[in-house]
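First up is the structure itself, then whatever we jot down about it.
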Amino acid sequence: MSAPDLLLDACTTCGEALKLLRRRARLSQRELSIATGYSESHISRIEHNERSLDRHSLLALFVPALHLQDEPKTVARWLALCTVSPPPQADAPLAAVATSSAPEAHRPTPALPIQLTSFVGRVEEVTKLCDLLQRADVRLLTLTGAGGCGKTRLALRVAEMVAHRYAHGVHWVELATLENPDLLPQMLLEHWKLSRGAIDDPLVALSDFMGSRRMLLVLDNCEHLVEAVARLAMALLRTCPGLQIVATSREALAVPGEFNYPVQPLSLPPALRGAPPRAAEIMQYEAIQLFVARSQAAFPDFVLTDHNAGAVAAICQRLDGIPLGIELAAAWMSTLAPQQLAEHLQTDFTLLVDQRRGALPRHQTLRAAIEWSYRFLSEPERALLRRLAIFRGTWSLAIAEAIASEAGIDSTHQLLHMLNRLIGKSLITVDHRGEGETWYRLLEPLREVLLTALSEEEEARVQERRLHYYAQIAEAAESGLSGDQQQHWLNRLEREHDNLRAALGWGCDQGGAAAQLAAQTAAHIWRFWLVRGHYAEGRRWLEQMLACAAPAEAVRIRLLYGAGVLTRLQLDLDAAAQFAREQMQLATRLNDLRGLADGYGVLGWVEEFLGNLQQAMTFFEQRSILARQLNYQRGIAYALRGLGEVATAQGRYVEANTWLQEARHIFAELGDRRYLAQIWQDLGRLAYHENHLERAEIAFQNSLAIYQEVDDRHNMADLWLDLSRLALARDDVAVAVAYQEAADRLIQDQVDRLLQATSFMNRARIALRQHHISAARRDLEQALDLFELLHHRARLVEGIDLSAAVAMAAQQPVHALHLWSAAERFRRQMGLLSPICEARQRQQQIDALSLQMSVNDFLSIWQAGQEWSLEQAMMEACKELG
């Protein structure tokens, strides 16, 4: 016998065996928790024999995680240990201890349905429910939730886990097929094969039978018999002190002493922007675990990979984590690839049909499960629910009120009562995470089915009401997005973004007055798309409104301004300049000085990006003049920011500080946190240029705190790169690496080539400082390729400088000197000045070369570099990197 076998034979409990096998597999408790889906604390409790481990979980989850598939004897020994009950804990409830010590002869085998598939996930929920059933005050526990959310399987799992506590067994009664509520007591008598004898009332007969027996009664699928089940529960619990009841229902029984436990859909990975998720990232979520398990049952060769992880996540998100839908979808893995199935589910759910024999009729399709609930509603409830199906994602009480009268609901009081009933029936879910406000949503499969029940006339009226509602919200949001209520409005619009999109799209499609209202709405809220980094989407909506809505000229100016700003941030500079010029022509004709000033601002930023600093300065000055003439404080601050950034690049540090400080005061007075963060970032860059590194650190940290507050992830990433560059200037490479990694975690979700190029450039700086020449070359080459594609001349010059430093580190002094000379000429032509600390370091290396060479050689090489064009310098820089 091997040493591990001998050690396992020495174990006396399941927990001891788990600890031994985990250590043998060289896994920490955390690593095992990730592999099995159990929490780390739960695994610790199992190992300390404070929690049991059931046979199904051991075989389905722990054996693969511990690599025991080829060790049947080891598994058999471990299973034998799991049948041994752990000793009662000192603080265990008295009733539980007494039950566990009951003679085996008085403990009948639980009459529980045998499940043919493994139970996946919900470890913490099972633990909580088992703990609840240990409490003396929990006599009735109702699991409520939407159709198909897994109430039955969860109740069964809990019943299996607690069965050993009940001397007279766990009894499972399925109520789905019972139509007549009056027959419920008789059905229970038949379950135990009891006769009423001379007793007229079957409830009395049941009470006499149960008496003081210690048992658990599970009543499954009560929603169509709620009143009858409530009467039964109250009667039995009053007369049978040893009885506990677990019920599953789509609504609570609403009787005294009931503990209601809402069963939520399975946990889902977040909807990610940018890079697709990796398999390891999403496998920790219960919905994914269930999909994989059921897919492998249908098609044993199915494997979750990085290639199909995005499609699998999309499938589970589309089904809102509903277990029934996920199981029905997984059955198609023998026929369709995940991407194909995901595409089909985007249009409808008709594929989700259960072909298996024995499935309940209302579980054979997801639609049937939903219609089972819908049939028990009153007509007013159905009317409201159909109209609410228009709303995507979460929605508020205010927007429900906006469409309520269309459903025949005349007061908020009436609406609240109806919403409360629908929530109680698990048809509307509640999200309490709002800022002092409750939000609601319909699970996506339910919403899709309800939409098919909505008539064209109903839909048109609700769509119109929704558009008018968001037009009012947008008007209120416009000033808030730039003031001290900015965070509130950003969060609100983000939460309502799906509905806002739908309202804009419907309005644009309708044309006429609806399209004009949609255009006006977009003109009010384009700053939301700006701050939250939705550049492409915002531009698309603004261009669509300009093309289809025929907006009023004043609205058109604002649409053009928003389009110019967002397009410039996308670095489509020609389009941005075109929008700005059209805006300025229209503003000039209408004598709209504010529109004219804003147009100058867009053109100023275009020229600044192209490296035409003097032209940019002229445009920003024009904006400042017009804004001061109008006392347009925001326009003044925008102009000052542009002037300050250009002056910093030119080395005019005193003027830059004056302009940026004035802009900071204005944005602070306006309460615009996002722009205040940008000014702090600009002040940090100014301090870095001046070599005031401590001051730069303070400014950058001020900026970062605000970016985090407003959740501006784009600028947050940009600021991490600034902090990384600052750390390098302080010779703190470890901190520079940490900041770079923080930036890259955000950048991977961004589609921003400038940000990506800046990241590559900074990584090259770090690699060079670490003497990793090949890594520096690789990262710098990618940065230069992107900057060249973007025509960012200032950054190209910066990259040529860095290429020279790489050449110097690679023992190529002549090539380095050529590149430094060329870069110096380009800076002089453009009016650029390098940060003092970087210029000083560069000059030290150039001076060292001048001492190593003859004067004639040095001057000859320097003169040759002075004659290079930017294109030639780029070609030579890339040649060295290649």
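The values are calculated or read from the model by the stated rules, or taken from the named source; none is laboratory data. No experiment lies behind these values; they were computed from the predicted model shown. Every residue, glycine among them, receives a Cβ derived from its backbone with ideal geometry; neighbour counts consider all protein chains shown. To get the accessible areas, we keep the full protein, side chains included, count just its heavy atoms, and leave off ligands, DNA and RNA. Shrake-Rupley method; radii C 1.70, N 1.55, O 1.52, S 1.80 Å.
Which of (1) buried (at least 23 other Cβ atoms within 10 Å of the Cβ); (2) touching a Gly at 6+ places or on another chain (Cβ under 7 Å); (3) farther than 28 Å from LEU156 by Cα is the odd one out, the single condition PRO277 does not satisfy?
Of (1) buried (at least 23 other Cβ atoms within 10 Å of the Cβ); (2) touching a Gly at 6+ places or on another chain (Cβ under 7 Å); (3) farther than 28 Å from LEU156 by Cα, only one is false for PRO277: (1).
Which residue out of GLN622, GLN614, GLN585 is in contact (Cβ under 8 Å) with a residue 60 or more places away in the chain, open to solvent by 10 Å² or more (accessible area, probe 1.4 Å) and in a helix (DSSP H, G or I)?
After applying the criteria, what remains is GLN614.
Does ARG825 satisfy the criteria of being touching a Lys or Arg at 6+ places or on another chain (Cβ under 8 Å) and either part of a helix (DSSP H, G or I) or modelled with pLDDT of 90 or more (or both)?
Criteria not met by ARG825.
What do you reckon, is LEU789 without any contact (Cβ under 8 Å) to a residue 60 or more places away in the chain and either among the polar types (S, T, N, Q) or under 17 Å from GLU871 (Cα atoms) (or both)? Talk me through it step by step, then tell me what you get.
Values: without any contact (Cβ under 8 Å) to a residue 60 or more places away in the chain: yes; either among the polar types (S, T, N, Q) or under 17 Å from GLU871 (Cα atoms) (or both): yes.
Answer is yes for this residue.
Going through region 657-675 one residue at a time, which ones are more than 20 Å from ALA696 (Cβ to Cβ), open to solvent by less than 10 Å² (accessible area, probe 1.4 Å) and part of a helix (DSSP H, G or I)?
Once the filter is applied, which keeps residues that are more than 20 Å from ALA696 (Cβ to Cβ), open to solvent by less than 10 Å² (accessible area, probe 1.4 Å) and part of a helix (DSSP H, G or I), region 657-675 yields only ARG674.
Of the residues that sit in region 795-839 and are within 40 Å of the chain's Cα centre (by Cα) and open to solvent by 40 Å² or more (accessible area, probe 1.4 Å), which one is farthest from LEU870 (Cα to Cα)?
GLU838
Please give the number of the condition SER44 fails out of (1) within 13 Å of LYS19 (Cα to Cα); (2) surrounded by fewer than 16 Cβ atoms within 10 Å (Cβ to Cβ); (3) of a type in the set (Ser, Thr, Tyr).
(2)
Could you please find all residues in region 410-431 being farther than 23 Å from THR142 by Cα and open to solvent by less than 10 Å² (accessible area, probe 1.4 Å)?
Of everything in region 410-431, just one residue is farther than 23 Å from THR142 by Cα and open to solvent by less than 10 Å² (accessible area, probe 1.4 Å), namely LEU415.
For every residue, the table says whether it meets (1) open to solvent by less than 40 Å² (accessible area, probe 1.4 Å); (2) touching a residue at least 40 places away in the same chain (Cβ under 8 Å); (3) polar (S, T, N, Q).
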position	(1), (2), (3)
SER703	yes, no, yes
GLU709	no, yes, no
ASP732	no, no, no
ALA736	yes, no, no
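How many residues are over 17 Å from LEU156 (Cα atoms), touching a helix residue (DSSP H, G or I) at 6+ places or on another chain (Cβ under 6 Å) and in a strand (DSSP E or B) if we restrict to region 234-258?
Residues meeting the conditions: 1.
Just a yes or no: is a residue in region 713-720 over 13 Å from GLY533 (Cα atoms) and surrounded by fewer than 22 Cβ atoms within 10 Å (Cβ to Cβ)?
no
With respect to the numbered conditions (1) in a helix (DSSP H, G or I); (2) touching a residue at least 40 places away in the same chain (Cβ under 8 Å), which one is the sole condition not fulfilled by ASP484?
The single condition ASP484 does not satisfy is (1).
Of the residues SER759, SER774, only one is crowded, with 16+ Cβ neighbours inside 10 Å and polar (S, T, N, Q); which? Explain how you work it out, then say what you get.
Numbers: SER774 fails: crowded, with 16+ Cβ neighbours inside 10 Å.
None of the other options fit; the residue is SER759.
Can you pull out the residues in region 13-64 that are polar (S, T, N, Q), part of a helix (DSSP H, G or I) and over 15 Å from MET161 (Cβ atoms)?
Those that are polar (S, T, N, Q), part of a helix (DSSP H, G or I) and over 15 Å from MET161 (Cβ atoms): GLN29, SER33, THR36, SER41, SER44.
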